[in-house]
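Taking it in order: structure first as structure tokens, then the write-up.
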Amino acid sequence: MTATAHSMQVIPVKRSGPVHWLRSYRAMLRWQLTDMRLLLPLTVMVQLLSGVGLVLGFGLLISDITESVALYLSTGAVVVTLVLVGVIMGPQLIAQQKSSGSYDFMWSLPVPRSSASAAWVTLNVFIALPAMLGALGAAIWRYDVTFEVSFMVAPAVGLTLLTGTLIGYAIAHAVPKPDITQLISQLLIFVIFGFSPISYPIENLPGWLATVNEYLPFYPMANVVRDSLTNGIVTEVGRSYVILGVWALGAAMVAGWVLRRRK
């Protein structure tokens, strides 16, 4: 009798450590991909068309584009594609999850919050990279420019995408109402396109606004990505990397604090 009872004891599943974290990450990534199985291809296509269209649209706005100007505008378009995914589209997708009810279900699962967050960052990479490559290809085809890709392209693009995703992630989780999240994302579109020196030099802005942009994340994003794709257009990007690191850390702390408060 004792032996039978002993044999029926359930061995508890270990829910900590790197192996559990990796399993949770894979499970959450599959869940995210499954949840967006219909929307994901359309989202990737829209982002791709946006990146290509932005590059080609510059040629319609400016009749005589020199190679240096084409490089500046094209790298700006690349940065915009990376920023829009994390800062704009990410919060909108999370707002949709809140409205549909899948948001509460996902955060009730017994997985580390960090693994779910890492899966979300990976999903944004899947969406952003095709748009980035499409923008670069359109620039090469349309303006016959040559990009001088350095070994820093991976950390520059990675940090830009990570920072943008974490900023959008923090906004989406910290703001309780999906409607307000949507409004904030719309406001950020206005700020990014109108008052962030991504596709034009920061010297074009008034002095006070240029100073503000030096501490916001969007100008440093343009700086590091442009430096990794060109030669001589950007110098002294160390400060931009530091600012992006601070923004990424701050956004991660906000998102982590909000998610830890959820039961």
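Helix 67-83 and the longest principal axis of the C-alpha atoms of the chain enclose an angle of approximately 20°. Against the empirical curve 2.2 N^0.38 Å, the C-alpha radius of gyration of the stretch 139-196 lands at a ratio of 1.58.
The mean sequence separation of alpha-carbon pairs under 8 Å and at least six residues apart, normalised by the residue count of the chain, gives a relative contact order of 27 percent. Rounded to the nearest angstrom and listed largest first, the equivalent-ellipsoid semi-axes of the stretch 74-200 from its Cα gyration tensor are 30, 17, 11. For helix 178-195, report the angle its Cα long axis makes with the longest principal axis of the Cα atoms of the chain; keep it between 0 and 90° and round to the nearest 10°. Helix 178-195 sits at roughly 20 degrees to that axis.
Rounded to the nearest 0.05, the FRET efficiency derived from the C-beta distance between ARG239 and LEU187 at R0 = 30 Å is 0.65.
Within the stretch 150-263, the proportion of Cα pairs with more than 20 Å between them is 47 percent.
Put simply, the Cα atoms of the chain extend 89, 36, 35 Å along their principal axes, the longest span coming first. Packing, as the average of other Cβ atoms within 10 Å across residues, places the peptides 54-61, 37-44, 223-230 in the order 223-230, 54-61, 37-44, highest first. Distance between Cα centroids, the stretch 185-222 to the stretch 89-123: provide it in whole Å. Distance between centres, Cα-based: 29 Å.
For the stretch 164-211, the gyration tensor built on C-alpha atoms gives a prolate shape. Its axis ratio a/c (a ≥ b ≥ c) is at least 1.5, and a/b is the larger of a/b and b/c.
Once the C-beta distance of MET152 and ILE202 is scaled by a Förster radius of 22 Å, the resulting FRET efficiency is 0.60 to the nearest 0.05. Once the Cα-Cα distance is subtracted from the 0.36 nm per residue extended length, the ARG142 to THR34 segment shows a gain of 35.2 nm.
Only DSSP H runs of four or more residues enter the estimate; each adds -39500 (n - 2.57), and after division by the residues of the chain the mean residue ellipticity at 222 nm equals -25000 deg cm²/dmol. Note: the stretch 20-117, Cα convex hull, 114 Å³ per residue. Rg/Rh, computed from the Cα trace of the stretch 85-140 with Rh as the Kirkwood radius, has the value 1.11. Distance between the pseudo-spin-label points of SER99 and THR122 (7 Å out from Cα toward the beta carbon): 2.8 nm.
A simple spin-label model places the labels of ARG113 and GLU67 5.1 nm from each other, with each point 7 Å out along Cα-to-Cβ. For the chain, the longest principal axis of the C-alpha atoms and the axis of helix 90-100 are separated by about 40°.
Read the figures in this text as sums done on the coordinates, not as results from a lab. Note that this is a predicted model, so its numbers are computed, not measured. As a convention, Cβ positions derive from the backbone with ideal geometry for all residues, glycine included, and neighbour counts pool all protein chains shown.
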